[in-house]
Amino acid sequence: MNNSDSILDRISLTRRHLLGTLAVAAASAIPIAAYAQAASAASNNATAQAIADHFSSVATMQGEFVQFGPRGEQTGGKFYIQRPGKLRFNYDNPSPIRVIADGKNVAVGNMKLKTWDLYPLSKTPLSLLLAQRIDLSAGSVKSVKQESDLTTIALGNNTVFGNSTITMMFDPKTYDLRQWTITDNQGKDTSVMVFNVKTGVQFDDKVFRVPYEVIPGTAAYRD
């Protein structure tokens, strides 16, 4: 309280008054603590938005990755990203898997079985990672954690992809992306660590081309 000193000057601090004063002081500390917490959250969000803006400004990137599945399985390969909405994962042998996002859909192909599964990009957390701009003011932020060697931003949208989230981890000094983890609706995590990353690269259009012609029921998407 701003006038607490003058109040104490006028009040004889009997035991009853002392207890009353302590109670008032404890009550007044609650909004102060809440304000400090809000200020800290605002600072975290401002830092997180600066990192997200830096990451969003990288129009293209490619590099290598190591992926850790929910059962502990480990695979690697090469990745390619082009904003907005485009991504390709080529897994190293013996994995036959390819993942391609062309801005509209995410296609997961098994080159050995010659099968493809198709998902709308907008219904997956990858849409946040691949957005033209990652807007952290849009209510998608689940949490922001700042540490000396890592800034972690968890994003999700319950109305779009349920309990699925994407957690991105950045270098707090360079703002470079180090890793992302997708947590599905069953709470299972798939983490991707990236390295040997190059930015500002040029890609041929076929890199992000989904082979709709061999996927049943996708005639509407074919060029």
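The values are calculated or read from the model by the stated rules, or taken from the named source; none is laboratory data. These numbers come from a predicted model, not from an experiment. We place every Cβ from the backbone using ideal geometry, glycine too, and count neighbours over all the protein chains shown.
Listing for the model above:
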read-out	value
Residue match in region 170-181 (condition: outside any helix (DSSP H, G or I), among the basic types (Lys, Arg) and closer than 22 Å to Arg83 by Cβ)	yes
Some residue of region 92-114 being in contact with a helix residue (DSSP H, G or I) (Cβ under 7 Å, 6 or more places away or on another chain), over 24 Å from Asn196 (Cα atoms) and assigned to a helix (DSSP H, G or I)	no
Matching residues, region 157-207, being closer than 24 Å to Gln74 by Cα, buried (at least 16 other Cβ atoms within 10 Å of the Cβ) and aromatic (Phe, Trp, Tyr)	Phe170, Trp180
Hits in region 134-148 - residues which are surrounded by 14 or more Cβ atoms within 10 Å (Cβ to Cβ) and farther than 18 Å from Thr181 by Cα	Asp135
Breaking point among (1) on the phi < 0 side of the Ramachandran plot; (2) at pLDDT 95 or above, for Gly77	(1)
